[in-house]
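Each reported figure results from applying straightforward, stated rules to the coordinates on display, with no laboratory input. Please read these numbers as outputs of a predicted model, since none were measured by experiment. For neighbour counting, all protein chains shown are included, and Cβ atoms are generated from backbone atoms with ideal geometry for every residue, glycine included.
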Amino acid sequence: MCKGLLGRKLRMTGVFSPEGEYIPVTVVEVGPCVVTQIKTEETDGYNALQVGFLEKKAKRVNKPLAGHFRKSGGVGYAFLREFPVDDPSSYKLGQTLTVDSIFQKGDRVNVSGLSKGRGFAGVMKRWGFRGGRETHGSTSHRVPGSIGCSASPSKVIKGRKLPGHLGNKRVTVRNLKIVDIYPEQNLMLLKGAVPGSSSGLIEIRKPKF
């Protein structure tokens, strides 16, 4: 079985359990994904499926990719990713993978996505520094403070927490529970929050354990 699928984060909401407990959930559109390439140990050294998500206009697909997509039906896709698979011989090019064919209600999954970009941020926002004094004539309210090492080794140690770019990097949230699945709408409800902004691409994978 394929170990994951591609999807889009839609929005957050909440549902009630049969016991009356309120559960915050993220609504995710998962698939349908199409198998665009099958990789095997004999040809590539490992077993995996390359899947495409979200159809793309033909005029926006370059010629190398157009030739690649022609093998699986000729439709272009905006996103391509690989997912491990146990038995690649049970799949064929152009096959459609839906949310209910991979996941079930109650499963645990790992979700990866690109976090929201926050631009250039100071140490208080980026790292949670407490900041300096606000009174008694202090002028060091939001600065990082001393960062050097005196005369020896007389340099700033690599990895020091300093101002810089915040967000816009790959983040994985592990062990999220699938609260419900709606196969007709290709929707999945995940308990809690997932990385990224609305309509952002996410990867839903089954845990390795």
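Brief remarks follow.
- Theoretical gain in end-to-end length, Ala121 to Thr96 [0.36 nm per residue, Cα-Cα removed]: 4.7 nm
- Calculated Rg and Dmax of the chain using C-alpha coordinates, Å: 22.8, 73
- Loop GluC sites (Glu not before Pro), the range 1-76 (other Cβ atoms within 10 Å of the site Cβ: 13 or fewer; DSSP): Glu19, Glu21, Glu41, Glu42
- Once the Cβ-Cβ distance of Ala193 and Thr135 is raised to the sixth power relative to R0 = 45 Å, the FRET efficiency obtained is 0.75.
- Of the trypsin sites (Lys or Arg not before Pro) found in the range 112-207, those that fall in a DSSP loop while having at most 14 other beta-carbon atoms within 10 Å are Lys116, Arg118, Arg130, Arg133, Arg142, Lys155, Lys158, Arg160, Lys161, Lys169.
- Near the amide H of Tyr77, within less than 5 Å, lie the amide hydrogens of Lys56, all on another chain or at least 5 residues away, with H placed in the peptide plane.
- Ignoring lysines fewer than eight residues from Lys191 along the same chain, the ones with Cα atoms less than 25 angstrom from its Cα are Lys3, Lys9, Lys105, Lys116, Lys169, Lys177, Lys206, Lys208.
- Unit charges at the beta carbon, dipole of the chain: most positive-side option, Ser112, Pro24, Ser72: Ser112
- Simple spin-label estimate for Asn168 and Val75 in nanometres, 7 Å along Cα-Cβ: 3.3 nm
- Across the range 23-35, computed HN-Hα scalar couplings (Karplus, 6.51 cos²θ - 1.76 cosθ + 1.60, θ = phi - 60°) run 10, x, 9, 10, 8, 10, 8, 10, x, x, 10, 10, 6 Hz from first to last residue, x flagging Gly and Pro.
- Among the chymotrypsin sites (Phe, Trp or Tyr not before Pro) in the range 40-90, those located in a DSSP loop and surrounded by at most 12 other Cβ atoms within 10 Å of their own Cβ are Tyr46.
- Debye intensity ratio in log₁₀ form over the Cα atoms of the range 122-166, taken at each q of 0.31, 0.32, 0.33 Å⁻¹: -1.07, -1.09, -1.12
- The range 54-97: Rg to Rh, with Rh as the Kirkwood radius over Cα pairs: 1.00
- For the range 122-166, a crude dipole built from +1 on the beta carbon of Lys and Arg and -1 on the beta carbon of Asp and Glu, taken about the Cα centre, is about 180 debye to the nearest 20.
- P(r) weight above 17 Å for the range 134-209, C-alpha pairs, percent: 70 percent
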